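Taken together, the values in this text are just the output of simple stated rules run on the coordinates, not laboratory data. These numbers come from a predicted model, not from an experiment. Cβ coordinates were reconstructed from backbone atoms using ideal geometry, including for glycine residues, and neighbour counts include every protein chain displayed.
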Amino acid sequence: MSPDNPFPPPTSQTLRRVSKWGDRFFLVLVLLATAAVVAVMVALVAVLVYGSREAIESLGLSFLYTRTWNPTGNVYGIVPFAVGTLLTSAIALLIAVPLGLGAAIFLTQQAPGWLRAPVAQLIELLAAIPSIIYGFWGLIVLVPLMRYDVEPLLSKYLGWTGWFGGNPIGLDVLTASLVLSVMAIPTVTAISRDSIAAVPRSQKEAALSIGATDWEVTRRAVLPYARSGIIAGIVLGLGRALGETMAVTLVIGNRNAIPTSLFSQGQTIASLIANDFFEVANPTEVPALLEAGLILLVITLVINIGARLTLARFQAGRGVGAE
Amino acid sequence: MSSGSAGTSAPTTETPAGQPVIQRQKRGRGPMIAVIAVVIVVILVVVVGWQAGWFKSSSSSSSGTCVPPSGQTLNGAGSTLVAPLMIAWSLAYSDSTVNYASVGSGAGISDITGKTVDFGASDAPLNPAQRADIPSPGVVTFPESAGAAVPIYNLPGISTTLKFTGQILAEIYLGTMTNWNNSVLQGVNPGVTLPNAAIVVVHRSDGSGTTFVWSSFLSLENATWASTLGHATTINWPVGVGAKGNSGVTTTVKSTADAIGYVDINYALTNGVAFGAVQNPTGNYIVANVTNIESAIKDANPTFPSATGDWYNVSVLNAPGAHDYPLATFTYLFVYKDPGVAYGSSYSQAKAQALVDFLSWIVSATGQSYSAPLYYIPLTSAAVTFDQATIASITYNGATLSACAPS
Amino acid sequence: MMFDRPARRKYFSHGMTILTGLSIVAIMVPLAAVVYQCVVLGGSVFNLDLFIKGLPYPCTPRQGVTCQQGGLAVPIVGTLELIALAALYSVPIGIGAAIFAVEYAGERASARIIGMVADVLAGVPSIVAGAFVYALIIIYDPTIVFSTFSGSIALSVLMVPIVTRTCEEALRTVPNSVREAALALGISRWKTTLRIVLVSALPGIVTGVLLAVARAAGEAAPLLLTLGDGCAHPLQGVTQEGCALPLWIFYGATSPYQNWINLAWGAALLLLLLILVLSIASRLTLDRMARRMRGE
């Protein structure tokens, strides 16, 4: 008997009975919570399928290859938006990967110890800024900059590539890609950093001992080792870019057509839903929009699951925890 | 050992390494967290409650024998053309809380069809297909105001008002006229040096009554437009940047040099955006203002069909007078003829009464007095009479609703 | 041969170091630009009115017309309401799922599956979460599909995975010896979990909640589809259309009216400050959790 305890201890039988029901009830609660989490995952797909059933029935597979979106004619096709999504994400990654990977390399290999934590936290802050603020800033600051300064230069010097045709007004696929890249960078940086940090010192030291320069250590000893983790990070960054809405909506120009140049106005799947949803003119458009959302969900799910599995295997193989 | 509280006095056992296994919790930390949590919750409740008006005593109206229902919330949605006026009305009207979602006429029509709002606002009347889609008992249509579409543009060097013909506007929006200094436009504006710059066309991306007015006008002026694109709340625009709402078009044109767009005159004037003159059927170039829009409506003098009839052909475009503005338009409200039947048991009589009271107020002299300062056209007395009769025909489960005399 | 001309290799390496360092600088540029813009433009409306007044009538200053500045009271309260409700649903669910994964499933496959589900849920585009909630609620009651309630559900879909993941990690940091000792003393399993393990993992759990709140506070896309537009009047009940800061920034940013644009910058600055505070707070609690891990 502890002298602190003012109450006489219950009998062991009472204890067992109370704790057994308490444990059971608690287990039920906890199971319900877990079931809720899994249910949300399943419900996401199921509810969107249900909501888009009219579109799926009436349009069938044509939704996947139709190139126009015309609510008055009940013609709905995802092609312009799939192209817009892929184009903006690809360009965003083209910018985000070198910058993000470069930053990760610098932070893990070169940066002095006192610099690492603050810079890393600043990059995380970049990720924490809401995308509507990026969109707002993009609209007010980046769009005029692109229109009057950057895009004329691109048109002048790179117009021969055929990618920069048309009259640039700043609201276009290119500007949207730039804003997207800013948002993909932190993901790429964070996961690349973790993957590089997971490379055992022995690798680095072995390379250093045979006289490799810092860069050669990185390029030949560290990066190949961390490769699958870095690729997973890039793919997760892609997943983030695919689903980004508010930043893109404000600067992409809202044109429901396949972009023909980087200066074209365009639309991504996410920005289509954002732009058209609250203001549907034709009731048949809502199921079509939900179907577009379903397709976006499936694409991001596949990408995320693939990347996470790769990352898990990489981390298990290297014996690293999630941090 | 007891299985009592592991809070402040859990017994500890020492491992061989001398570290306590179960650590003594810091005294008083649990209660402190609880207090902080309670304080935060109380602050939230107070702030939220204050905003939600929980602490306000219910205000009683002072309009004589008729006591309007209080505390009702009415939801409307639709036309962005009339939104500035609607917002002014909803802020001024105190007997109920009126929420207006400025989402475009197209959405207004589909929202009232879907019964997610109490009234739908649109500058485009219901077309036959939309009328057929409205579930029973059907809606009444009546105009609560009128406005006009004007061509806004952003040409930094130009301070004189540009002149446009319907043909020119059609060709710009068809994409066949692509540069500001083309000969046709220059010919119509001899005193102005137009810049050598590509025209940035701005149109609506959402379902829009203003688009309906604009495209109807262009259909009248240009045969190609009429046969290829027609007139509707959404158009298959061949060129241009899409923007949402009258406000989106205004913003885009205002911030994009060399742009042209179409908005209600309120948006152009209240935002200091230049707009051009449009040629009317008599050949005169008219710069829109409240006077010549009002005269256009008077001269066009369309006959109103019955409240439940087909309004699709009601038009005040290209009015015949010499000084009439050719792009005038009514803007309409759609309300279910019998909200009790339409919305079901969740819709109370008090709410139906509140709806009717609000509608009566906006067509009354008090409500209409908000129009002119915001560059909208007050209803003619004939229109007011028509509207009042329509509003009086709104029933609740068959019983008439007598509107309280508007204060 | 790779090791010829050592000087050239060394300069190349230095060059790459500079390049990677420049990446850091390049990344910092948009961060600095955005923060600068928000501070400069948002600062001009940052006064007491911003917090207590309702939205002004949209207006651009012109000859003979002065515009009211108005304030963000309605969006601020709307955001607080939304977060409070969303946290109400998502925190218990997230903690419950994490408890199951750590305490009951332990090292088994189901724990990894739950973790995977949480991670994948975290990657769901926020607009899809909004579309999902819209499609869900419209089945049951179309009149409340645009409401604070609807918006809070959409936000909780985004918050749950963050709470689950962080909570799971926090629970795993509690050494097994603690659980074993408690059980050896006869303390029942649920009491062990709630009063001993959860309490020790509290800093980590608080971190998770703060991170989830930081995310939910800044999301506009799901609210675009579920919240409606109730910003003009003080908020009515939970089933009426609501208002939120990030969504309102969208309306203000796309409007041509100068007073609304100014307020939108004020709202952006406010959001930034909120995110900053939440980030710092979560960093502090994260440090606390790390210290606990190390046994301090």
FRET efficiency estimate (nearest 0.05) - Cβ-Cβ, B:SER94 to B:SER369, R0 22 angstrom: 0.90
Interchain or long-range residues, amide H under 5 Å from B:ALA259's placed H: B:ASN154, B:VAL200
Chain A: relative contact order in percent, alpha carbon pairs under 8 Å with at least 6 residues between: 26 percent
For A:ASN70, residues with placed amide H under 5 Å, excluding near neighbours: A:VAL75, A:TYR76, A:GLY77
Number of partner chain Cβ atoms within 10 Å, mean per residue of A:136-144: 6
In order through region C:175-186: 3J(HN,Hα) via Karplus (6.51 cos²θ - 1.76 cosθ + 1.60), integer Hz, x for Gly, Pro: x, 4, 4, 5, 5, 5, 4, 4, 5, 5, 7, x
Residues C:TYR11, A:TYR76 arranged by fewest to most Cβ contacts within 10 Å: C:TYR11, A:TYR76
For peptides A:171-182, A:61-72, sequence by mean Cβ density within 10 Å, most packed first: A:171-182, A:61-72
Cα shape, region C:36-170, gyration tensor, a/c 1.5 rule: prolate
Set of aspartates and glutamates near B:LYS337 by C-alpha distance (under 20 Å), chain-local residues within fewer than 8 positions excluded: B:ASP111, B:ASP118, B:ASP123, B:ASP133, B:GLU144, B:ASP310, B:ASP357, B:ASP387
Backbone HN-Hα couplings from phi across region A:215-225 [Karplus 6.51/-1.76/1.60, Hz, Gly and Pro as x]: 5, 5, 4, 4, 6, 9, 9, 8, 4, x, 5
Neighbouring partner chain Cβ atoms per residue of B:249-259, average, 10 Å criterion: 4
Peptide A:265-273, shielding by other chains (average Cβ, 10 Å cutoff): 3
Highest-fluctuation residue, A:PHE136, A:PHE26, A:PHE164 considered, GNM on chain A with Cα pairs under 10 Å: A:PHE26
Three-way shape label, the protein assembly as shown, alpha-carbon gyration tensor, a/c 1.5: oblate
J(HN,Hα) series, region B:292-303, from Karplus relation 6.51 cos²θ - 1.76 cosθ + 1.60, nearest Hz, glycine and proline x: 7, 6, 5, 5, 4, 5, 5, 6, 5, 6, x, 7
Trypsin sites (Lys or Arg not before Pro), loop per DSSP, at most 13 other Cβ atoms within 10 Å - longest free stretch of chain C: C:109-293
Ascending count of other beta-carbon atoms within 10 Å, so fewest first, for C:THR285, C:THR66: C:THR66, C:THR285
Under 20 Å from B:LYS163, Cα to Cα: lysines that are on another chain or at least 8 residues apart: B:LYS254
DSSP bridge pairs, the protein assembly as shown: antiparallel proportion in percent, nearest 5: 65 percent
Amide H contacts of B:ASN179 (H built 1.01 Å from N, under 5 Å, at least 5 apart or other chain): B:ILE199
For chain C, Cys with no neighbouring Cys Cβ under 4.7 Å: C:CYS38, C:CYS167
Cα gyration tensor category, rounded, prolate or oblate, for chain C with a/c compared to 1.5: oblate
Which of C:SER255, A:SER195 has the fewest Cβ neighbours within 10 Å, and the rest in rising order: C:SER255, A:SER195
Loop-located GluC sites (Glu not before Pro) in region C:48-132, at most 12 other Cβ atoms within 10 Å (DSSP): C:GLU107
For chain A, the spread of Cα positions along each principal axis, largest first, Å: 86, 66, 35
